[in-house]
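First comes the structure, then the notes that go with it.
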Amino acid sequence: MKRITVNAASQSYDVIVGHGILKDAGSYISEVLKSRRTVIVSDDNVYPLHGEALRKNLEAAGFDVNEFVFPHGEQSKSHETLLNLYAFLAASNITRSDSIIALGGGVTGDMAGFAAATYLRGIDYVQVPTSLLAQVDSSVGGKTAVDIPAGKNLVGAFKQPKLVLSDIDTLATLPADFFDDGMGESVKYGMIWSEKLFELIASGNIKEHLEELVTECIDIKRQVVETDETDKGLRMILNFGHTLGHSIEKTQNFCGLSHGKAVAVGMYLLTKAAEKHGIITENISDRLKACLEVNGLPWSVDIPAETLFANSVNDKKRFSDDINVIICKTIGKAEIVKMPINEYKKLVTE
Ligand code: GLY
């Protein structure tokens with residue numbers, strides 16, 4: 001078991017990573033929450049797997065627990081689900097000193113976290129991520145959001161959790177596709193920060209090292225978030241592969257490649273293009289491609305470069321006529337390169 005303390009500017013909290021730690025959830029959670037009234041928020045895939053055990057564990061630790069279970073899938077990350085959740089919190093008499101426990105993947109964590117950020121102008125919440133993507137990335141750092149018809153994650157808030165409990169054993173029930181999705185984000189952490197982590201992932205037997213993988217990714221995220229909690233500087237490096245990745249997801253109407261797989265393709269296409277344009281002088285794209293392949297991740301997509309460019313420039317992370325492009329000139333180090341849109345267009349399309 002590993003404990004990583006995230007000292008974000010707004011709040012410090014622990015991320016506990018280990019096998020079987022959910023059997024002690026009640027005791028870990030009681031250490032950080034004063035009130036003993038809480039609502040577990042989970043979807044109808046995850047709750048049947050882990051919800052009852054978590055509930056019983058919390059009750060044994062003296063908690064009064066209600067649960068809000070919603071239909072799984074990105075379409076539930078909506079204002080409709082959020083309004084239902086607010087109504088449920090009110091009906092459960094949740095006050096400002098009570099809390100929410102988000103049990104599930106990225107959709108659950110983002111939506112429950114946003115409810116915690118906004119209900120009664122903010123209540124405490126705990127993240128219990130059960131997907132690889134949520135364990136290596138989205139459960140830590142306090143980005144919470146829901147989608148609106150104009151785009152994903154367009155309404156949100158920064159709200160750090162009081163605690164993150166990442167039980168590696170919950171990954172055993174994760175469908176292969178969802179596991180691969182989390183590997184896309186994991187490769188990103190190796191690319192932007194740690195060649196050692198990249199090599200571990202590229203070795204092809206990551207399933208034997210899941211505790212190390214989650215711990216390493218979260219420790220990198222900790223360092224980034226401690227430096228820049230609100231995404232105005234260093235934190236932008238976490239978007240490596242995301243501008244083209246989001247473009248792929250959007251072009252495919254969010255029914256094609258999943259987020260982590262689209263990020264995998266985005267990282268490769270950008271790295272290859274930067275090599276072609278002399279921005280990167282080492283050949284790292286072949287190593288990246290091999291690492292993606294050994295982890296069952298894609299590195300190409302059948303979308304014209306012009307379309308990829310067009311659908312990437314209205315990304316919400318763009319400022320004015322320039323775009324911040326995240327480039328790894330070597331494995332384990334990322335740079336934020338601000339470039340005019342025209343230059344970015346040439347990079348992606350020529
Ligand atoms: N997932 C990227 C971030 O938390 O900033």
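See the values below:
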{"read-out": "Stretch gain in nm, segment Gln252-Val294, where the contour uses 0.36 nm per residue and the Cα spacing is subtracted", "value": "12.7 nm"}
{"read-out": "P(r), alpha carbons of segment 227-291 - 10 Å bins starting at zero, rounded %", "value": "22, 40, 33, 5"}
{"read-out": "Diffusion constant of segment 269-350 at 25 °C, which comes from Stokes-Einstein with the Kirkwood Cα-pair radius and 0.890 mPa s, µm²/s", "value": "180 µm²/s"}
{"read-out": "His209-Asp321 FRET efficiency (beta carbon distance; Förster radius 51 Å; 0.05 resolution)", "value": "0.70"}
{"read-out": "Accessible surface, per residue, of the chain when the full set of protein chains is kept, probe 1.4 Å, Å²", "value": "41 Å²"}
{"read-out": "HN-Hα J in Hz across segment 32-42 - Karplus 6.51, -1.76, 1.60, θ = phi - 60°, x for Gly and Pro", "value": "10, 10, 7, 6, 10, 10, 8, 10, 7, 10, 7"}
{"read-out": "Estimated Rh, segment 81-209: Kirkwood, alpha-carbon pairs, angstrom", "value": "15.7 Å"}
{"read-out": "Volume per residue of the C-alpha convex hull in the chain, rounded to whole Å³", "value": "118 Å³"}
{"read-out": "Projected label distance in nm at Ile336 and Thr349, using a 7 Å step from Cα toward the beta-carbon", "value": "2.7 nm"}
{"read-out": "Three-way shape label, segment 255-305, alpha-carbon gyration tensor, a/c 1.5", "value": "oblate"}
{"read-out": "Over the chain: helical MRE at 222 nm, DSSP H runs n ≥ 4 each giving -39500 (n - 2.57), nearest 500", "value": "-12500 deg cm²/dmol"}
{"read-out": "Given charges at Cβ of Lys, Arg, Asp, Glu: segment 56-166 dipole, positive-most of Ile101, Tyr86, Gly156", "value": "Gly156"}
{"read-out": "Solvent-accessible area of His246 with every protein chain in place, 1.4 Å probe, in Å² to the nearest 10", "value": "50 Å²"}
{"read-out": "Accessible surface of segment 182-340 [probe 1.4 Å, protein heavy atoms]: carbon and sulfur percent", "value": "51 percent"}
{"read-out": "Surface accessible to a 1.4 Å probe, Val294 within the full protein complex, Å²", "value": "70 Å²"}
{"read-out": "Segment 1-125 shape via C-alpha gyration tensor axes, a/c threshold 1.5", "value": "rounded"}
{"read-out": "Cα-centred dipole magnitude for segment 211-350, charges only on beta-carbon of K, R (+1) and D, E (-1), debye, nearest 20", "value": "280 debye"}
{"read-out": "Gained length - Glu199 relative to Thr173, 0.36 nm times residue gap less alpha-carbon distance", "value": "6.8 nm"}
{"read-out": "Net charge dipole size for the chain [Lys, Arg +1 and Asp, Glu -1 on Cβ; Debye, nearest 20]", "value": "760 debye"}
{"read-out": "Between segment 216-261 and segment 1-66, the Cα center-to-center distance that results, in Å", "value": "25 Å"}
{"read-out": "Separation of the Val313 and Thr227 label points, Cα + 7 Å toward Cβ, nm", "value": "3.0 nm"}
{"read-out": "Over 31 Å between alpha carbons, listed pairs Lys34/Lys250; Lys221/Lys250; Lys159/Lys346; Lys56/Lys162", "value": "Lys34/Lys250; Lys159/Lys346"}
{"read-out": "Prolate/oblate/rounded call for segment 76-132, Cα gyration tensor, a/c under 1.5 rounded", "value": "oblate"}
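The values are calculated or read from the model by the stated rules, or taken from the named source; none is laboratory data. What you see is a predicted model, and the numbers here were worked out from it, not measured in a lab. Reconstructed Cβ throughout: ideal geometry from the backbone, glycine too, with neighbour counts over all protein chains shown. These area figures cover heavy atoms from the full protein model, side chains too; ligands, DNA and RNA do not enter into them. Shrake-Rupley method; radii C 1.70, N 1.55, O 1.52, S 1.80 Å.
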